[in-house]
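The values are calculated or read from the model by the stated rules, or taken from the named source; none is laboratory data. Here the structure is a predicted model, which means the values were calculated and not measured. Here the Cβ positions follow ideal geometry from the backbone for every residue, glycine too, while neighbour counts run over all protein chains shown. Each accessible area value is taken on the protein alone, full model and side chains, heavy atoms only, with ligands, DNA and RNA left out. Shrake-Rupley method; radii C 1.70, N 1.55, O 1.52, S 1.80 Å.
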Amino acid sequence: MTILSKTWRQARLTLPNIKFRVENYYEDEDEDEDEDEGEGKKIVDTIMQRYRDGKIPIDKFELTNCLRDSSSEFSDRMEKFIDIAIRNGVKDIVYGSPYHSISSYHFPIIKVLAEKHLRELVLNNCSIDTSLSGGVANYHSLRKLSLYNNMKSLELNKVETSHGFLNLISKSQSLEVLKIQNCSDINDIDTSNLEVLKIQNCSGIRDIDTSNVKVLKLQNCSDIKDIDTSKLEVLKIVNCSGIRDIDSSNLVSLEYIGDQIPQLKRTSESSQLNHSKIILHNNNNIDAVWFSS
């Protein structure tokens, strides 16, 4: 073995990004577990143990859970892997499932949000465990959830949670970007510290405070009515029939896709708008006067 190959092998074993995809998972004692499956679990355990024992820094930990139902052994292993990632200073965590049905595994969000190095958390198609360590209490007993300064972005896609817990997270002074998709049980969001807010397929949300938001992107949110857009810099609206009046005074970019013709107005004479795209599905009543205005 050459010096170069030894160096490459060592570098390969200490990469800062870890990505796993779980296709099948059996209990250790399950006689149906094939040899390849058992060997696969050993390899994963060995990799994570190497990172733990060597205290190898982890920048990104990503796991795709393709299981229809998560076993207790899988849950235990996930807890162990997340603990290792946290101890090794993980910055970005991505966890989720490609299926529409949500796995029985509950992601330990309280534990993860307490990690001081965390910058970004992305959750897809999962339920979350909002209990505190030891299961003594849950998030309803919290008055303030302090996220460390590096936590900048949170993305939730088809995550079972509540608007109360989401508001607790969004109040964090460090959180700048919040993306929510397919979360119908949310009806209110605290935007006091957010700069970027993206909402898609969330029918329960009816109103948004945009006082401090700079970038707002909405899609398929029919219950949201007219909102104040005068302080926004970037606005994208897709199929939100309740929003008809748009103040473009401060907008740099505007995209609108829908059936209704939006009423554009400016509360100030100066306009910074340098990008606009309007797509109307129903064009029966469109006239040239509207475009010239």
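Data for the structure
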read-out: Probe 1.4 Å, protein heavy atoms only - accessible area per residue of region 40-87 in square angstrom; value: 49 Å²
read-out: Heavy-atom accessible surface of region 185-292: percent carbon and sulfur, 1.4 Å; value: 40 percent
read-out: Counted charge near GLU120, where neighbours are those whose Cβ lies closer than 12 Å (Asp, Glu -1; Lys, Arg +1); value: -1
read-out: Lysines whose Cα lies under 29 Å from that of LYS265, excluding same-chain neighbours fewer than 8 positions away; value: LYS179, LYS198, LYS214, LYS217, LYS225, LYS231, LYS236, LYS277
read-out: In order through region 257-262: 3J(HN,Hα) via Karplus (6.51 cos²θ - 1.76 cosθ + 1.60), integer Hz, x for Gly, Pro; value: 10, x, 8, 8, 7, x
read-out: Phi-based couplings in Hz for region 76-83 (Karplus 6.51, -1.76, 1.60; Gly and Pro marked x); value: 4, 5, 4, 4, 5, 5, 5, 4
read-out: Charge-dipole axis of region 185-292 as Lys and Arg at +1 and Asp and Glu at -1 on Cβ define it, positive-most pick from PRO262, ILE189, ILE278; value: ILE278
read-out: Size of electric dipole in region 185-292: Cβ of Lys, Arg +1 and of Asp, Glu -1, about Cα centre, debye, nearest 20; value: 320 debye
read-out: Globularity index of region 185-292, i.e. its alpha-carbon radius of gyration over 2.2 N^0.38 Å; value: 1.04
read-out: Candidate residues ARG266, ARG52: accessible-area rank, largest first, probe 1.4 Å; value: ARG266, ARG52
read-out: Per residue value of the accessible surface for region 185-292 (all protein chains in place, 1.4 Å probe), Å²; value: 53 Å²
read-out: Region 185-292: relative contact order in percent, alpha carbon pairs under 8 Å with at least 6 residues between; value: 18 percent
